[in-house]
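K.L.:
Handing you this structure, nothing more for now.
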Amino acid sequence: MRNVSVLTVPAFSDNYLWLIHDGSKAVAVDPGDAGPIMAALDAHKLSLTAILLTHHHADHVGGVEALLRHVNDPNFPVYGPRREEIAGVTVRLGEGDTVEIGAPNLRFDVLDVPGHTSGHIAYVEREQGWLFCGDTLFACGCGRLFEGTPAQMTDSLAKLAALPPETLVYCAHEYTIGNVRFALAAEPGNRVLQERFAAEEEKRAQNKPTVPSTIGLEKHTNPFLRCAEPEILRGLQAAGRLDDSDPVAALAALREWKNGFK
Ligand SMILES: [Zn+2]
């Protein structure tokens with residue numbers, strides 16, 4: 001196992017930016033704000049060797065320009081989605097591509113995961129068991145459908161759910177408590193979900209991140225990965241949100257319900 005680890009860099013009100021490092025070199029994932037990234041690089045005596053971007057939203061790419069000025073290297077690699085226009089990107093990626101980085105020593109497989117945005121990609125480091133999925137899959141939730149369709153999001157989430165259960169899910173926001181509250185409304189009888197609520201509340205009470213989660217925990221608790229579960233379908237039908245048992249319609253109905261959920 002290579003000696004690389006992930007630093008959590010909080011930014012804005014609820015974003016997580018990620019720095020993957022080997023103690024000397026670091027890669028930033030979705031640096032929406034350069035300030036916290038530069039402070040973390042300084043604090044840990046790290047130098048930045050690459051940037052990975054999942055989608056074009058400002059809270060994921062807003063720090064790129066300032067970081068490029070800071071590193072001041074014309075050959076500095078910035079990886080991003082092939083199907084989105086993002087300033088500063090030097091290598092455009094899509095499904096089936098791999099990213100190899102020398103220092104820190106990392107290899108990512110790229111997945112197309114449209115839904116939140118139309119060109120959204122995710123990065124999987126298989127040897128480490130890490131998933132960087134931006135705003136596609138959240139701890140106990142999923143991203144809003146700003147550009148894609150419920151069918152696209154269903155396929156994207158299925159792709160992520162097919163990763164090994166121990167895979168760590170590095171999503172980009174601390175939305176977990178609100179997400180678990182919603183999940184309990186959608187599937188109140190889920191015992192694993194009830195236990196998760198207590199565990200996540202405990203972490204937040206201590207001001208600890210609830211991220212990363214795991215694919216296994218998400219499959220047991222995340223309603224957006226459980227659209228075929230009878231309890232979820234019955235609840236949506238009883239509330240008049242769903243006419244049939246179609247999983248794509250169920251995901252659309254869940255997303256719609258969550259958008260207005262308090
Ligand atoms: Zn976004």
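The values are calculated or read from the model by the stated rules, or taken from the named source; none is laboratory data. Being a predicted model, the structure only gives us computed values, none of them experimental. Cβ atoms come from the backbone with ideal geometry, glycine included; neighbour counts cover every protein chain shown. SASA here: full protein model, heavy atoms, side chains in, ligands and nucleic acids out. Shrake-Rupley method; radii C 1.70, N 1.55, O 1.52, S 1.80 Å.
K.L.:
Working only within segment 84-101, note down all residues that are open to solvent by 70 Å² or more (accessible area, probe 1.4 Å) and under 18 Å from the mean Cα position of the chain (by Cα).
P.N.:
Across segment 84-101, the qualifying residue is only 95.
K.L.:
Taking segment 158-174, which residues are more than 13 Å from the ligand (Cβ to nearest atom), out of contact with any helix residue (DSSP H, G or I) (no Cβ under 9 Å at 6 or more places or on another chain) and either closer than 25 Å to residue 5 by Cβ or assigned to a loop (DSSP other than H, G, I, E, B) (or both)?
P.N.:
Once the filter is applied, which keeps residues that are more than 13 Å from the ligand (Cβ to nearest atom), out of contact with any helix residue (DSSP H, G or I) (no Cβ under 9 Å at 6 or more places or on another chain) and either closer than 25 Å to residue 5 by Cβ or assigned to a loop (DSSP other than H, G, I, E, B) (or both), segment 158-174 yields only 170.
K.L.:
Related question: Being β-branched (Val, Ile, Thr) and either within 12 Å of the ligand (Cβ to nearest atom) or part of a loop (DSSP other than H, G, I, E, B) (or both) is the filter here; which residues of segment 112-133 pass it?
P.N.:
If the condition is that a residue be β-branched (Val, Ile, Thr) and either within 12 Å of the ligand (Cβ to nearest atom) or part of a loop (DSSP other than H, G, I, E, B) (or both), then 113, 117 are the ones that fit.
K.L.:
Also, quick follow-up: Report, by residue number, each residue of segment 134-157 that is acidic (Asp, Glu), open to solvent by 10 Å² or more (accessible area, probe 1.4 Å) and within 15 Å of the ligand (Cβ to nearest atom).
P.N.:
Filtering segment 134-157 for residues acidic (Asp, Glu) gives 135, 147, 155.
Pick out the ones that are also open to solvent by 10 Å² or more (accessible area, probe 1.4 Å) and you get 147, 155.
Of everything in segment 134-157, just one residue is acidic (Asp, Glu), open to solvent by 10 Å² or more (accessible area, probe 1.4 Å) and within 15 Å of the ligand (Cβ to nearest atom), namely 147.
K.L.:
Let me ask you something else. If you check 80, 62, which single one turns out to be within 15 Å of the ligand (Cβ to nearest atom), of a type in the set (Gly, Ala, Ser) and within 15 Å of residue 132 (Cβ to Cβ)? Before you say what the answer is, go through the steps one by one.
P.N.:
Details: 62 fails: within 15 Å of residue 132 (Cβ to Cβ).
On inspection, the qualifying residue turns out to be 80.
K.L.:
Which of the residues that make up segment 79-101 are assigned to a loop (DSSP other than H, G, I, E, B) and under 19 Å from residue 41 (Cβ atoms)?
P.N.:
The one that is assigned to a loop (DSSP other than H, G, I, E, B) and under 19 Å from residue 41 (Cβ atoms): 88.
K.L.:
Quickly run through segment 126-145 and pick out the residues that are touching an Asp or Glu at 6+ places or on another chain (Cβ under 8 Å) and more than 28 Å from residue 197 (Cβ to Cβ).
P.N.:
Scanning segment 126-145 gives a single hit, 126.
K.L.:
State all residues of segment 175-214 that are surrounded by fewer than 18 Cβ atoms within 10 Å (Cβ to Cβ) and assigned to a loop (DSSP other than H, G, I, E, B); if no residue qualifies, say none.
P.N.:
Selection gives 188, 189, 206, 207, 208, 209.
K.L.:
Please find, within segment 222-235, the residue that is most open to solvent (accessible area, probe 1.4 Å) out of those that are closer than 9 Å to residue 187 by Cα and touching a Lys or Arg at 6+ places or on another chain (Cβ under 9 Å).
P.N.:
235
K.L.:
Let me confirm something: among 218, 195, which residue is of a type in the set (Asp, Glu) and more than 14 Å from the chain's Cα centre (by Cα)?
P.N.:
195
K.L.:
When residue 199 is evaluated against the numbered criteria (1) closer than 19 Å to residue 256 by Cβ; (2) among the small types (Gly, Ala, Ser); (3) away from the ligand (no atom under 16 Å from the Cβ), which criterion, by number, is the only one it fails?
P.N.:
Against the list (1) closer than 19 Å to residue 256 by Cβ; (2) among the small types (Gly, Ala, Ser); (3) away from the ligand (no atom under 16 Å from the Cβ), residue 199 comes up short only on (1).
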